[in-house]
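A short write-up of the structure that comes next.
We did not get these values from a lab; they are worked out from the coordinates using the rules stated. A quick note: this is a predicted structure, and the numbers were derived from the prediction, not measured. Cβ atoms come from the backbone with ideal geometry, glycine included; neighbour counts cover every protein chain shown.
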C-alpha cells in the first residue's frame, strides 16, 4: 500500500533511537522528509547516517536540541518553523518506589513527557489547520491504562497524554488535522535492553530468563509474552501519520501485545 507520504515534512521528537528512531526511519522509507531530534549532536548525526544507509535516497535532517524544556522547544521552532507531521515521542521512564519519588521527579516527568508535547502541538497545529492537513501523534503507553506500581509517576504522564490528545482532536475537528495516541506495550528499545541486561547480570540470569520472568510476574496479561520491537510499534505510527488514516482521529490505539486487559 502506498501511504502517500512523499514530500510530507515530519518532525519526531526524541528520535535518535528506540521507537522514535523506528518511526523516523519508517516515515523516511515512505518518502517523507524527516527531522531527527535529540539532545546530543553525535547521537543525531549517528541516527541520520543510519537512516541514509538503510533508506537510500532518504530526506533527513537533524536538530540537536533538548526539546524537553520551554527554551529548547523555542530553539527547535526557530530552526523548524513548520511541519506537516508531528510525532510527540520524547519521553523518559525510571522505575522508582512511589514513596521515594520527590516532587522534583514528578515535575521533571510531567514537563518532559506531557508539556513537551503540549508545546510542540500548540506551535505546529495552527499551521496545519490553516493548510487543512496535518497529523499529530502522541506516543503514550499501555502504562496509561495499566499503571505500573513501580513507575506511578511515568504512568501518570502517559494518562495525561491521552487527555491532551483527545482534547486537541476535538479542538481540531473538521480541519483535516488528525490527532491520535499510540499505546505501545513493553518494547525492546535500547534503554529497556540495557536495563534488562543489568538485571540479568546482577541476578546471574540470561536476558531471556529475565524477560520470561517479567512477563510471568509483572505483565501476566501480555498475550505475546515478549517485548515488542520498535519496528512493530512504528508500523502503526507511520500509518496513522498518513493520508490513508484520514478517518482515524481522537483515538488511543494500542500496540501493547494485549497487556491492557480491556476490550476498548
Exercise for review: Kindly put 162, 168 in sequence by how many other C-beta atoms sit within 10 Å of each C-beta, fewest to most.
Suggested key: 162, 168
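Got the relative contact order for the chain handy, in percent, Cα pairs under 8 Å and 6 or more residues apart? Present the calculation step by step, with values, prior to reporting the outcome.
On the way: 514 pairs, mean separation 50.8, N = 264.
Relative contact order comes out at 19 percent.
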Check your understanding: In a solvent-free Debye calculation with one equal scatterer on each Cα, what is log10 I(q)/I(0) for the stretch 65-144 at q = 0.26, 0.27 Å⁻¹, listed in the order of the q values?
Key -> -1.28, -1.33
Study note, to complete from the structure: Going fewest to most other Cβ atoms within 10 Å around each Cβ, 8, 129 line up as 129, 8
Study note, to complete from the structure: Note to self, the chain gives a 222 nm [θ] from helices alone (DSSP H runs n ≥ 4, -39500 (n - 2.57) apiece, / all residues, nearest 500) of -13500 deg cm²/dmol
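With an 8 Å Cα cut-off and a minimum separation of 6 or more residues, compute the relative contact order for the stretch 124-231 in percent. Write out the running numbers ahead of the final one.
On the way: 125 pairs, mean separation 27.8, N = 108.
Across the stretch 124-231, relative contact order equals 26 percent.
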Check your understanding: By count of other Cβ within 10 Å, fewest leading, how are 45, 256 ordered?
Key -> 45, 256
Check your understanding: Roughly how large, in nm² to one decimal, is the mean projection of the convex hull of the alpha-carbon atoms in the stretch 47-185?
Key -> 9.6
Revision key, fill the gap. For the stretch 111-164, shape from the Cα gyration tensor axes a ≥ b ≥ c, cut at a/c of 1.5 then a/b versus b/c, turns out prolate
